[in-house]
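Trainee: The structure under discussion is supplied below as structure tokens; questions concerning it will follow.
The values are calculated or read from the model by the stated rules, or taken from the named source; none is laboratory data. It should be emphasised that the depicted structure is a prediction, and the values quoted were computed from it without experimental measurement. All Cβ positions, glycine included, derive from the backbone under ideal geometry; neighbour counts span all protein chains shown. The protein model used for the area step is the full one, side chains on, heavy atoms only, and it has no ligands, DNA or RNA in it. Shrake-Rupley method; radii C 1.70, N 1.55, O 1.52, S 1.80 Å.
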Amino acid sequence: MSDTDATRLNELVDWENGLIGPEIFINDDIYRQELDRLFGRAWLFIAHDSMLPGPGDFLNTYMGGDPVLAIRQRDGGVRVFLNACRHRGMKVCRAEDGNAKNFMCSYHGWTYNTAGELINVPNLDTAYFNELDQKRWGLVEVAQIAQYKGLWFATFDPTAPPLEDFLGDMLYYIDAWVDRTPGGIEVLPGVIKWTIHGNWKLGAEQFGGDGYHAVITHASSLGTFDPSFLRDIKGIEFASRQGHGYSMIFDRMTRFADDPLGRYNQAQVPERLERLGDARANTVGNFTVFPNLSGLPGSANLRMWHPKGPNEFEIWSWTIVDKDAPEEVKRAQRTSAAFTEGAAGVVETDDGENWDLIGQMLQRGTQTRKMAWNYQMGHGHETDHDPVYPGRVLRNYFGEGPQRAFYRRWLEFMTSESWPVAEALEPDRREHEASRPGAFGAASALRREVHRADHR
Amino acid sequence: MLTTGEQSQRGTSAPAFRSMGMARVPVETQVAIEQFLYAEAELLDDWQWRTWQQLFAEDAHYRMPIRRNRLRRQRKTDEAEDSGGLEVAHFDDDVNSLDLRVQQLESGMHWAEDPPSRSRHLVTNVRVQPAGTDGEFHVRSSFLVYRNRLEAEVDLWAGERRDVLRTHGESFLIADRIILLDQNLVLSKNLSVFF
Ligand code: FES
Ligand SMILES: [Fe+2]
């Protein structure tokens, strides 16, 4: 796709009027451009700190279409490399996680250490006449890596702004699930991975804010097991200028009233109130960190939408727990999370039905590709100056503001040559914080610093 | 059957060979257990989920651990053994949560299975050993589940079941079931059928 196609993309994504042409979910050229311009530049989630506990621990993940290897270093840092040998591009590590001292490519045997350096080349003398400069042929490393409270992100773009700027006003909402106890969170071992034959953006946009679907799509789970869940829902919806979204329901912390974790969560309320303030402590939410990290704090779920082609993606789904929670609470969380989310979750199975069938229709049809989709819900009812919540906020649970913000940001990435600067509409987050000491006092800022130091 | 000579050539010790589950129960028991598994498969393929659910004992667990792609030297010998730990599972149900899953199917609003998928549960390689507890058996079997959904959707899941079956009158109850799917990355949009 050539640059002149910016005009075409602008036609397809009319975020101002809430109209999207579904071609962006199925077109191969648009997909290739997306891998390069969006996934090649944005900050992408790699792992939580707890997934790489010791030196030499590694895990395999993806940044857009490319496999990357994240490795815990001896100095406690984390480095991320393209998982591709510099000789012919073979994967140097095929296990999904583990511990290693080095990685030998199984094609011709070039071997790299955990710092990505090429430390052994078979027949260096008889094949290369000792003329190969090994220093120049280490694994390709990402341009930048950074963490926020144990969440590691990386980007291939050396010009990407600092991670905290990229996350922007989303930090307020991220804190609500990573920083609700002094010990923070940890990720339980194991990841549920499955395949949807549809476009990754369908998942990302839904988790950003589509509470609207829950009433119908999840009628058999949320509606049947706990009808109170869907009865006059009070909540808000937040859309970030940076493309992130969060929507939350007030006055509950788990999705089912009889959840085995109810008692633990109830006991946590005073602590959470103190750390987070009234506005975020007692809520159930779902979110998307632009572009492809999402989660459901009320169901202890964190996940990635990995693109695998215009019409295929993988969901990688983890369970998160409070690090300091008792073992039996963690166990209960594990069981309850598996019951709701994941490939076999009673809630999640019904989402797969929708995304997969939409994918089939777009793949086979022509007329269904031409029909504009409607993203107009709540348009004109949002404010950038909510007294409590940062970002663009709708004081209603149903709305499509996060989706409009997501596709606006997507369009900027797709059509700009250099890092797309999002001109700020909302007040700067730190000013916002300062004006509301109840929610973010000096004490909580200090606590955040201490917490960060713990992670080093 | 292999001779002792062949066994040692393959480095297989005699006790390990025996524990592979060569027939050690009366042939009638073997047949009864196979018939039980076939009848169970029929209930699932006929969408008789409520009746199927009643085959589980009150204290039963029904679970599917995840599978992992790990280096051979770091591979856990038995993923099923880990499912009692903190590692996440596709599901880890007791009879109450299993009951909720059946309730969901009966709700008429479980869109992933409404209209219902057509499934075919093929059960084979049934190996039976006494469990040590009176009237209980360890049963390992292989399965192939075919799902055809709506117009053109096809899923194939192969794997293994490790059951504990408990004698119950003329038949059996499932006292425990571990399902090991032979996929690490599940290649389908969901796992909305029972295994
Ligand atoms: S491709 Fe890795 S050594 Fe040749
Ligand atoms: Fe959903």
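Trainee: Looking only at the range A:307-323, count how many residues are under 16 Å from the mean Cα position of the chain (by Cα) and crowded, with 22+ Cβ neighbours inside 10 Å.
Mentor: 7
Trainee: Let me ask something else about it. Would the range A:115-122 turn up any residue that is open to solvent by 10 Å² or more (accessible area, probe 1.4 Å), touching a residue at least 12 places away in the same chain (Cβ under 8 Å) and either under 29 Å from the mean Cα position of the chain (by Cα) or under 30 Å from A:G245 (Cα atoms) (or both)?
Mentor: yes
Trainee: When you go through A:E348, A:E327 one by one, which is the residue that is within 15 Å of ligand 2 (Cβ to nearest atom) and of a type outside the set (S, T, N, Q)?
Mentor: A:E348
Trainee: In the range A:56-88, what residues are in a strand (DSSP E or B), away from ligand 1 (no atom under 16 Å from the Cβ) and either aliphatic (A, V, I, L, M) or in contact with a Phe, Trp or Tyr (Cβ under 7 Å, 6 or more places away or on another chain) (or both)?
Mentor: A:L59, A:M63, A:V68, A:A70, A:I71, A:V78, A:V80 - these are the residues of the range A:56-88 that are in a strand (DSSP E or B), away from ligand 1 (no atom under 16 Å from the Cβ) and either aliphatic (A, V, I, L, M) or in contact with a Phe, Trp or Tyr (Cβ under 7 Å, 6 or more places away or on another chain) (or both).
Trainee: Would you call A:P182 more than 17 Å from the chain's Cα centre (by Cα), open to solvent by 20 Å² or more (accessible area, probe 1.4 Å), more than 11 Å from every other protein chain (Cβ to nearest Cβ) and over 18 Å from A:G401 (Cα atoms)?
Mentor: yes
Trainee: Can you pull out every residue in the range B:115-133 that is among the polar types (S, T, N, Q), out of contact with any helix residue (DSSP H, G or I) (no Cβ under 7 Å at 6 or more places or on another chain) and open to solvent by less than 40 Å² (accessible area, probe 1.4 Å)?
Mentor: Passing the criteria: only B:S117.
Trainee: Sticking with this one: If we only count helices (runs of 4 or more DSSP H) wholly inside the range A:285-384, which ones have 3 or more residues that are touching a Ser or Thr at 6+ places or on another chain (Cβ under 9 Å) and in contact (Cβ under 8 Å) with a residue 60 or more places away in the chain?
Mentor: A:327-340, A:348-364
Trainee: Okay, moving on. Of all residues in the range A:187-241, which are touching a strand residue (DSSP E or B) at 6+ places or on another chain (Cβ under 8 Å), hydroxyl-bearing (S, T, Y) and away from every other protein chain (no Cβ under 13 Å)?
Mentor: Correct list: A:S240 only.
Trainee: Separate question: Kindly indicate whether A:R94 is within 16 Å of ligand 1 (Cβ to nearest atom), over 30 Å from A:G378 (Cα atoms) and out of contact with any Gly (no Cβ under 7 Å at 6 or more places or on another chain). Give the steps one after another, and end with the answer.
Mentor: On the way: within 16 Å of ligand 1 (Cβ to nearest atom): yes; over 30 Å from A:G378 (Cα atoms): yes; out of contact with any Gly (no Cβ under 7 Å at 6 or more places or on another chain): yes.
Judged against the criteria, A:R94 is a match.
Trainee: Another question, then. Which residue out of A:T383, A:T349, A:T415, A:T366 is on the phi < 0 side of the Ramachandran plot and either open to solvent by less than 10 Å² (accessible area, probe 1.4 Å) or within 16 Å of ligand 1 (Cβ to nearest atom) (or both)? So that I can check it myself, show each step before the final result.
Mentor: On the way: A:T383 fails: either open to solvent by less than 10 Å² (accessible area, probe 1.4 Å) or within 16 Å of ligand 1 (Cβ to nearest atom) (or both); A:T415 fails: either open to solvent by less than 10 Å² (accessible area, probe 1.4 Å) or within 16 Å of ligand 1 (Cβ to nearest atom) (or both); A:T366 fails: either open to solvent by less than 10 Å² (accessible area, probe 1.4 Å) or within 16 Å of ligand 1 (Cβ to nearest atom) (or both).
Going through A:T383, A:T349, A:T415, A:T366 in turn, just one is on the phi < 0 side of the Ramachandran plot and either open to solvent by less than 10 Å² (accessible area, probe 1.4 Å) or within 16 Å of ligand 1 (Cβ to nearest atom) (or both): A:T349.
Trainee: Moving on. Looking at (1) away from chain B (no Cβ under 14 Å); (2) over 25 Å from the mean Cα position of the chain (by Cα); (3) not acidic (D, E), can you tell me which one A:G365 breaks?
Mentor: (1)
Trainee: Taking the stated definitions as given, is A:G198 within 16 Å of ligand 2 (Cβ to nearest atom) and either in contact with a helix residue (DSSP H, G or I) (Cβ under 9 Å, 6 or more places away or on another chain) or open to solvent by 10 Å² or more (accessible area, probe 1.4 Å) (or both)?
Mentor: yes
Trainee: Scanning the range A:351-394 for residues that are closer than 30 Å to A:D165 by Cα and of a type in the set (A, V, I, L, M), which turns out farthest from ligand 2 (Cβ to nearest atom)?
Mentor: A:V388
Trainee: Could you go through the range A:244-256 and let me know if any residue there is within 14 Å of chain B (Cβ to nearest Cβ) and either out of contact with any strand residue (DSSP E or B) (no Cβ under 9 Å at 6 or more places or on another chain) or within 18 Å of A:R404 (Cα to Cα) (or both).
Mentor: The answer is yes, given that some residue of the range A:244-256 is within 14 Å of chain B (Cβ to nearest Cβ) and either out of contact with any strand residue (DSSP E or B) (no Cβ under 9 Å at 6 or more places or on another chain) or within 18 Å of A:R404 (Cα to Cα) (or both).
Trainee: Now for a different question. Within 16 Å of ligand 1 (Cβ to nearest atom), farther than 19 Å from A:W318 by Cα and more than 14 Å from chain B (Cβ to nearest Cβ), is that true of A:F103?
Mentor: Taking the combined requirement at face value, the residue does not satisfy it.
Trainee: Now, a different point. For the range A:287-297, name all the residues that are open to solvent by 10 Å² or more (accessible area, probe 1.4 Å) and more than 17 Å from A:T349 (Cα to Cα).
Mentor: Here is the first cut: in the range A:287-297, the residues open to solvent by 10 Å² or more (accessible area, probe 1.4 Å) are A:296-297.
The one that is open to solvent by 10 Å² or more (accessible area, probe 1.4 Å) and more than 17 Å from A:T349 (Cα to Cα): A:P297.
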